[in-house]
Amino acid sequence: MASSFTVCRLHTIGRGSLAKCLQKVDTFLHRNIGTNVVAVQEEKNGFKSLYAVQAERQEQAEKSVLISCHSRTNEKQFLKYIANYGDIQKYFFYESYGMYAVVEFANQESVASLLEGTAIPSISHESLVPFKSRLLSMRNLDSVDLPNQPSGKKRQAQTSIPINELIQRLSKEESIDQQITSLTEAYQLTEENCRLRFLVCSLLKDIAAAFFPECTIMPFGSSVNGFGKLGCDLDMFLDLDGISGKNATMPKSGLFLEYQMKRANLERIVTQNILSVIGECVDQFGPGCVGVLKILNARCPLVRFVHQPSGFQCDLTANNRVAMKSTELLYLYGELDPRVRHLVFTVRCWARAHRITSSIPGAWISNFSLTVMVLFFLQRRSPPIIPTLDHLRDLAGPEDKSVIEDNDCTFVSDFSKIQLESNTETLEQLLCEFFEFYASFSFRTLSINIRKGKEQNKPEVAPLHIQNPFETTLNVSKNVNASQLDRFVALCQESSWLIQQNNTAPSRGGTKGKGAITPWGVSTLLLPSQVAGIKSRKRRKFEPASERIKSLLESLKNINNQPN
C-alpha cells in the first residue's frame, strides 16, 4: 500500500478498470435502495476491467425501466402493481421534472411482459408519435379521491448539496483529512445516479438500434472515471465495432458473402452522417429529449441534448476512442491510491467555488486540466504516489497494446504488475503542498506532462500548457488565457496561507446559539476570496516605440563616452 491511513468509504460503481487498493482488507459497500440492501464485497486479489464493469452495468440497464409517477402514487401501491410483471431486483425514486422511479427486474422477460401490458396514451391526438420505449408514465385513477394522501416515496438526491451547506458540514469535522473525505462523499456519484446514467444510455440505444441493431451506447468521462460529481454531464459513446461480421474470417479461396454498404470518402463524414440521423431521431421521436443540437463540425462531432426525465445534459459522440482510454486511465489512477480521488474532488470543488472552472465554455481551466494537474503533482512527490504513464506503458503486456489514430494509448491493465512506493503523506499535507507547488510553478516556461512525470519546456506559446496524455501534440488547456492563470496562481498562494493558518478545529465548548459554527480548514478555502482584488502578476509595461528607441540611443551614447 502507498498509504497507511484509513479509507472511510470507497465507491467502485460503474467506472473503468477496478483495482483493489486494499488487498489485505475486506471492504464492503452498503447502500439502501428502496427496500433492498446491496452488498458489494471487494475481491482480495485481481480486478475487473472497464469492459467487464460496462457489461455488468449495461446488463442491469437492459433489465430496467424508467417510470414517471403521479405525485400521489403510494409507494406500496406502486410496488404491488409493478411486481405483477416479475421479480423486482432493485428500485429507487428520485425527482427531476416530476417524480420518477427506476425499476430493475430480475430478467428481461419481465420487462417485455411489462411493456406488453402498457397502454398507448388514451388522449386522441393526430400528431402523437407512436414510438415505444422503456420510459413509461404511471397514472393513478384513484388519486382524485385522495387529495391529501402522502406519497411515501424515498427520494434519492441527484444533485450535489449547495456550497453553503457543504461549508457547514465540513466545519463540524474534527480534522482536515475528515473534511476532505466528507467532501468527496457529499459530491461523488451515488450508486443510484450511476444506474440512472447507464439506463439513459440504454434508452438511447433503443433509438439507435433501429439503424444499427447490434450497436451499444456507453457512458465515458466523469460518469465512469471515478471523479464525477453529482449533476455532471453525461458523455455517451456510440460503439459500432461490436457489429457482427467485422471480424469474420475471410477464406483464402472459393465463394463467400459480404454485406453491401454505402461508402464515403472519409471516416469523419461517416461519423457526421450517423450522428446527424440519430440526432434527428432523438429530436423527433425520443421521449423526454429536448433542446437537441447537432454540433457536427466540431473537432469531435457530437449531438447535445437534455434528457428531462433524468435531468442530465447529454453529449453523444461516435468516434472518440481516445477519450475512452483517458477515462480508463483516470480511473486506474484513482484506484491506485484513495488519496488521488479525495484530492481531485477537493481541488475541483475549490476551483468551482472561486469560478476557476465553469460549465460555460470559455477561457477557464477545465475539470480535466485540473485533474491532470493533480496527477502530475502526485507524480512529483518524493516518493511518488502514482507512477508515470510511460511506466504504466512499460509494464503493459501484448494484450494491452492499443494504438488509436497513430496515438500510443497502451498502458498496463494487470494491477498486480504495478508496485507502488511507500508514501504516507496525509491528505492535509498533500492539499497544502498542492497549493504551494502551483503557487510557485514556472508556468511561463514549463509544460505539465503526466506521461513523463516531470516538467518540460513549453513547445508553444500559451499561458498554460498541459500535454494531452495520449494525443501528445495537443495542449488540453489551450483555451486558458493569462488572466485566468494569474487568478489560479494568486488563489493558490492565498489558499496555501489560509489552510496553514486554519488547520485546527476551533473549540466548540463555548459556542452559543444555533448555526454558530466557525469555518476552518477546507471550509475556509470555499469562502469568497479574502485577497482584496486578486491581481495579475506584474507585467513589464512597454513604452511607446519612439521612447524606447530614444532611450536606447541615449544609453549607447553614454557607453561611447565612457573612458576606456
Taking a probe of 1.4 Å and leaving out DNA, RNA and ligands, region 231-378 shows per residue an accessible area in Å² of 48 Å²
At a threshold of 8 angstrom on Cα-Cα distance, excluding pairs fewer than six apart, so keeping six or more, what relative contact order does region 347-474 reach in percent?
23 percent
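How much net charge surrounds residue 298 when only other residues with a Cβ under 13 Å from its Cβ are counted (Lys, Arg +1; Asp, Glu -1)? List each step's numbers first, then the result.
On the way: positive: 268, 294, 299, 304; negative: 315.
Computed value for this residue: +3.
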Please report the relative contact order for region 240-347, taking Cα pairs under 8 Å with a sequence separation of at least 6, and give it as a percent rounded to a whole number.
14 percent
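The values are calculated or read from the model by the stated rules, or taken from the named source; none is laboratory data. Small disclaimer: the values here were computed from a predicted structure and weren't measured. Because the Cβ atoms are built from the backbone with ideal geometry, glycine has one as well, and the counts that use them run over all protein chains shown. Accessible surface areas use protein heavy atoms only, side chains included; no ligands, DNA or RNA. Shrake-Rupley method; radii C 1.70, N 1.55, O 1.52, S 1.80 Å.
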